[in-house]
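The values are calculated or read from the model by the stated rules, or taken from the named source; none is laboratory data. Values in this document were obtained by computation on a predicted structure and should not be read as measured data. Neighbour counts are summed over all protein chains in view; Cβ atoms, including those assigned to glycine, are modelled from backbone coordinates with ideal geometry. Areas reflect the complete protein model, heavy atoms only, side chains present, ligands, DNA and RNA absent. Shrake-Rupley method; radii C 1.70, N 1.55, O 1.52, S 1.80 Å.
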Amino acid sequence: MKFWSSFIITCCLSSSCFLKAETASFSHDIIPVLEKNCTSCHGVKKQKAGLRLDSYHLILEGSENGPIIKAGNAQDSELYRRLNLNPNDEEFMPAGGKPPLKPYEIELIKQWIIAKNPETSTFTFSKPNLPAVIQEKAAPDYRPKLREALVLAEKLNIKLVPRSLVPTDGLILRTASNPKRCTDETLEQLAPYQDLIVEAELSRTQITDKGVSYLRHFKNLQVLDIAFTNVTNQALESLVQLKALKKLNVSGTHMTASALKHLSGLDHMWVFNEPAVSVIKAHK
Amino acid sequence: MSHSPLDPNIALCSDHGGEHPNIADLPELPLSLQKQYLELETRRHFLARGSKALAWAGLASIIGRTAPELFADPEAVFPKAPHFAPKAKRAIYLFMAGAPSQFETFDYKPNLVNQFNQDLPESVRGGQVLTGMTSGQARFPVVPSFAKFSRQGKSGMWMSEMFPELSKVTDDLCIIKSLYTEAINHEPAILTMTTGNMFPGKPSVGSWLAYGLGAINDELPTFVVMTSKMPARQNVQALSNRLWSSGFLSPEYSAVQLRSGAEPVLYLKDPKGVTSDLRRTVINGVNDLNRQLYEKIGDPEINTRISQYEMAFRMQTSVPELTDMSDEPASTWDLYGPEAREPGTFAYNCLMARRLAERGVRFTQVFLRSWDMHSNLPNNMRTMCGNSDRATYALMTDLKRRGLLDDTLVIWGGEFGRTVYSQGTLKTDNYGRDHHPRCFSMWMAGAGVKPGFSFGETDDFSYNIVKDPVHVRDLHATILKLFGFDHTKLTYKFQGLEQRLTGVLPARVINEILV
């Protein structure tokens with residue numbers, strides 16, 4: 001309860017968040033939430049605690065411990081109460097370490113119960129908009145091009161690894177095993193997959209300004225590490241093209257702090273040139 | 001009793017956990033392909049390297065999943081990948097073995113000054129069982145910290161005068177004052193911190209990360225451990241490789257110990273009179289024999305052995321490059337100080353940890369021992385803090401200015417706390433403190449951790465936690481979260497359980513300390 005309420009408060013306090021009224025219905029909106037989160041244990045195959053959540057009438061029948069819904073009163077409804085417990089609580093649902101319901105899913109169930117849970121008629125649902133970052137896709141789905149991309153990566157002696165198992169989190173271009181094998185040509189050849197690459201780890205590679213000029217088309221690139229390469233201020237005109245770029249590491253390159261002032265849109269930038277040390281940290 | 005999903009008439013043994021029949025049960029497949037499948041399947045090994053992708057793709061069509069189907073399933077293609085986008089790519093864990101006192105370091109208790117030599121109220125102790133080292137004491141006299149505290153940085157956190165250098169980066173630290181553990185003695189407590197369990201045999205944190213994430217740099221080990229020379233020797237605990245062992249995970253996920261001295265990794269050098277070519281020939285021969293053995297009996301440990309021979313061979317090149325610090329600029333030595341030039345010192349190890357992080361080593365654990373101060377605490381504290389303060393600050397600063405702190409998690413701490421009451425004779429300028437598992441302080445910094453932030457509170461005697469307790473399991477769950485893992489899903493099947501770092505008891509990700 002504490003966790004979710006603080007989460008929702010945080011969401012609502014941020015300026016990007018507002019409440020939006022929509023209409024919802026049991027069959028269109030509640031059933032998909034239950035199917036996604038609940039019916040693997042409370043459905044056709046298994047009926048833990050004698051409970052099924054796969055149809056309206058079965059929900060009203062409740063579990064072997066009694067009813068789980070008190071029409072019009074979410075707080076006194078067992079279903080709603082358990083969804084809101086601390087995930088470490090023994091009674092928390094979904095049980096067994098499965099992920100908790102999303103705040104808007106819990107809110108949906110709450111408002112359905114408050115609306116005296118109609119089966120067929122619609123009810124008003126005020127959907128708390130989640131911060132955009134949660135839904136944001138870093139890159140297009142990597143799966144359709146994955147096979148070809150991995151074949152090319154092997155040929156080029158670099159690695160393309162996923163940022164995560166979420167296919168829209170993008171790929172990381174990784175060169176640490178053998179940075180000297182990565183040259184400007186490597187980056188040129190990665191063009192077919194440039195949209196998928198969100199991080200490029202290119203420190204200590206052979207790349208030059210020419211290589212960075214190929215990177216200008218990597219429109220989803222968020223993190224670029226070109227530390228300890230021979231890149232110069234000439235690369236700046238390419239770097240400013242990278243609209244998604246958030247972090248840039250140019251430590252130990254020939255770039256100068258004054259030239260990098262043009263890249264003021266970044267969250268973080270590191271510049272570390274010998275012998276002078278300068279750290280620029282700009283916030284959006 | 002469950003049934004095979006392929007054929008409902010086939011009952012599966014319950015003690016096999018109801019696995020599907022494996023490929024070896026399908027006699028129509030060519031034996032060579034079955035073997036290849038098992039090799040690839042074992043320990044999520046397949047596709048760890050690109051060449052295997054092709055082998056697997058070919059195989060996929062035979063076992064009923066077409067290549068496109070297979071590549072639609074990221075978990076099948078990438079056996080080593082985080083569940084969600086991580087904040088941390090690597091970690092450096094500065095392990096202060098022996099348990100530094102929280103009173104003189106991070107848990108400021110100003111009211112204790114007025115209670116010098118007064119008896120600890122029984123209500124605070126609450127009947128807690130003490131160690132044999134102090135349970136016989138007639139009195140439990142309260143002793144305040146000899147070290148002074150002051151507010152530092154924009155965050156204004158209270159920092160001890162024991163850490164004048166580290167205080168300069170106060171605003172980068174996230175201090176947790178409410179850790180607790182069940183273990184009251186060093187070995188089980190250190191094991192709990194490093195492996196999540198006080199019984200030996202479990203994989204350590206670094207091994208879990210190596211298992212879950214794989215290497216960034218194939219030329220170096222994924223998990224490295226270093227022990228440091230001690231400036232003082234008091235109640236020094238033994239460190240053994242069970243603290244950095246991979247337990248039931250494949251041995252390739254154990255840490256490689258980087259030593260000071262002429263041979264950073266033991267047995268890596270070619271013996272006198274043996275050329276590199278000859279060595280290569282010998283390794284090829286041994287690998288051939290191992291492969292033959294594998295074909296006969298199919299034990300996956302044999303493949304591990306082959307890969308470890310290869311790793312050792314690659315390290316013959318990568319380790320000398322790593323340990324040759326002649327490429328470090330003068331500013332490095334200005335930062336870390338002259339001690340960093342002496343291999344094996346804590347300062348040298350901190351610098352090495354930065355070099356490892358830079359080269360993509362996932363987890364580096366540096367041990368510094370001799371924090372176990374049952375007596376003569378003020379003097380020993382001055383020595384230990386004096387020895388480690390500058391190096392710790394230097395590492396933080398170095399990571400920061402090279403742009404590494406942003407995705408490197410730094411962890412500092414021991415295995416438990418110490419008592420508010422003095423052990424042994426209490427003098428105005430001298431005292432000791434016994435073990436205390438009920439609360440202790442640590443700090444983390446970098447990758448995804450809230451900077452300039454203090455979390456958790458203890459009572460006026462730093463005896464009991466009064467707000468936001470953090471169990472070691474919670475800390476581990478939080479570390480895994482920073483690396484992109486749901487701690488309940490990073491598992492390995494062993495002894496009938498889906499084993500995990502956080503074990504079977506409840507563990508909570510401390511979201512409050514995350515950015």
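Only one of the numbered conditions (1) open to solvent by 10 Å² or more (accessible area, probe 1.4 Å); (2) touching a Gly at 6+ places or on another chain (Cβ under 7 Å); (3) at pLDDT 75 or above is violated by A:Trp270, and that is (3).
Any residue at all in region B:62-74 that's at pLDDT 95 or above and under 30 Å from A:Asn157 (Cα atoms)? Checking region B:62-74: not a single residue is at pLDDT 95 or above and under 30 Å from A:Asn157 (Cα atoms).
Taking the condition of being at negative phi and open to solvent by 40 Å² or more (accessible area, probe 1.4 Å), how many residues in region B:126-136 meet it? Spell out the reasoning first.
We begin by selecting, within region B:126-136, every residue at negative phi; these are B:128-136.
Checking the rest, the ones that are also open to solvent by 40 Å² or more (accessible area, probe 1.4 Å) come to B:129, B:132-133, B:135-136.
Number of matching residues: 5.
Against the definition (in contact with a helix residue (DSSP H, G or I) (Cβ under 9 Å, 6 or more places away or on another chain), within 14 Å of chain B (Cβ to nearest Cβ) and not small (Gly, Ala, Ser)), how does A:Pro87 come out, yes or no? If you could, list the steps in order and put the result at the bottom.
Values: in contact with a helix residue (DSSP H, G or I) (Cβ under 9 Å, 6 or more places away or on another chain): yes; within 14 Å of chain B (Cβ to nearest Cβ): yes; not small (Gly, Ala, Ser): yes.
Against the criterion (in contact with a helix residue (DSSP H, G or I) (Cβ under 9 Å, 6 or more places away or on another chain), within 14 Å of chain B (Cβ to nearest Cβ) and not small (Gly, Ala, Ser)), A:Pro87 qualifies.
Quick grid of which residues meet (1) among the charged types (D, E, K, R); (2) open to solvent by less than 10 Å² (accessible area, probe 1.4 Å); (3) more than 20 Å from B:Asp171 (Cα to Cα):
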| site | (1), (2), (3) |
| --- | --- |
| B:Pro378 | no, yes, yes |
| B:Met384 | no, yes, yes |
| B:Leu395 | no, yes, no |
| B:Arg402 | yes, no, no |
| B:Val410 | no, yes, no |
| B:Gly417 | no, yes, yes |
| B:Val420 | no, yes, yes |
| B:Gly424 | no, no, yes |
| B:Asp429 | yes, no, yes |
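All conditions but one from (1) open to solvent by less than 10 Å² (accessible area, probe 1.4 Å); (2) within 25 Å of B:Lys80 (Cα to Cα) apply to B:Ser462; the one that does not is (2). State whether one or more residues within region A:105-122 are closer than 26 Å to B:Lys489 by Cα and either assigned to a loop (DSSP other than H, G, I, E, B) or open to solvent by less than 30 Å² (accessible area, probe 1.4 Å) (or both). Within region A:105-122, one or more residues are closer than 26 Å to B:Lys489 by Cα and either assigned to a loop (DSSP other than H, G, I, E, B) or open to solvent by less than 30 Å² (accessible area, probe 1.4 Å) (or both).
When every residue of region A:198-205 is checked against the conditions, at least one turns out to be surrounded by fewer than 24 Cβ atoms within 10 Å (Cβ to Cβ), assigned by TED's automatic domain parsing to the domain that holds A:Ala235, basic (Lys, Arg) and at positive phi.
Please find, within region B:483-515, the residue that is surrounded by the most Cβ atoms within 10 Å (Cβ to Cβ) out of those that are more than 12 Å from every other protein chain (Cβ to nearest Cβ) and within 17 Å of B:Thr194 (Cα to Cα). Full working, then the answer.
Step one: filter region B:483-515 for residues more than 12 Å from every other protein chain (Cβ to nearest Cβ), giving B:492-497, B:499, B:501, B:503, B:513-514.
Imposing the further condition that a residue be within 17 Å of B:Thr194 (Cα to Cα) reduces the set to B:499, B:501, B:503.
Working: B:Gln499: 20, B:Leu501: 27, B:Gly503: 16.
Per the criteria, the residue is B:Leu501.
Is one or more of the residues making up region A:157-170 surrounded by 23 or more Cβ atoms within 10 Å (Cβ to Cβ), within 11 Å of another protein chain (Cβ to nearest Cβ) and touching a residue at least 40 places away in the same chain (Cβ under 8 Å)? Taking every residue of region A:157-170 in turn, at least one turns out to be surrounded by 23 or more Cβ atoms within 10 Å (Cβ to Cβ), within 11 Å of another protein chain (Cβ to nearest Cβ) and touching a residue at least 40 places away in the same chain (Cβ under 8 Å). Taking the stated definitions as given, is B:Gly212 farther than 19 Å from B:Ser260 by Cα, within 14 Å of another protein chain (Cβ to nearest Cβ) and not in a loop (DSSP other than H, G, I, E, B)? For B:Gly212, the condition - farther than 19 Å from B:Ser260 by Cα, within 14 Å of another protein chain (Cβ to nearest Cβ) and not in a loop (DSSP other than H, G, I, E, B) - is met.
Among the residues of region B:233-250, write down those that are more than 25 Å from B:Met373 (Cα to Cα) and out of contact with any Lys or Arg (no Cβ under 6 Å at 6 or more places or on another chain). Walk me through it before giving the result.
Start the filter on region B:233-250 by keeping residues that are more than 25 Å from B:Met373 (Cα to Cα), which leaves B:245-250.
Correct list: B:Ser245, B:Ser246, B:Phe248, B:Leu249.
From the list B:Ala477, B:Ala447, the lone residue that is within 21 Å of B:Asp406 (Cβ to Cβ), within 13 Å of chain A (Cβ to nearest Cβ) and aliphatic (A, V, I, L, M) is B:Ala447. Taking region A:60-90 as the range and being without any contact (Cβ under 8 Å) to a residue 40 or more places away in the chain and open to solvent by less than 70 Å² (accessible area, probe 1.4 Å) as the test, the residues that pass are A:Gly62, A:Ser63, A:Gly66, A:Ile68, A:Ser77, A:Glu78, A:Leu79, A:Tyr80, A:Arg82, A:Leu83, A:Asn88, A:Asp89.
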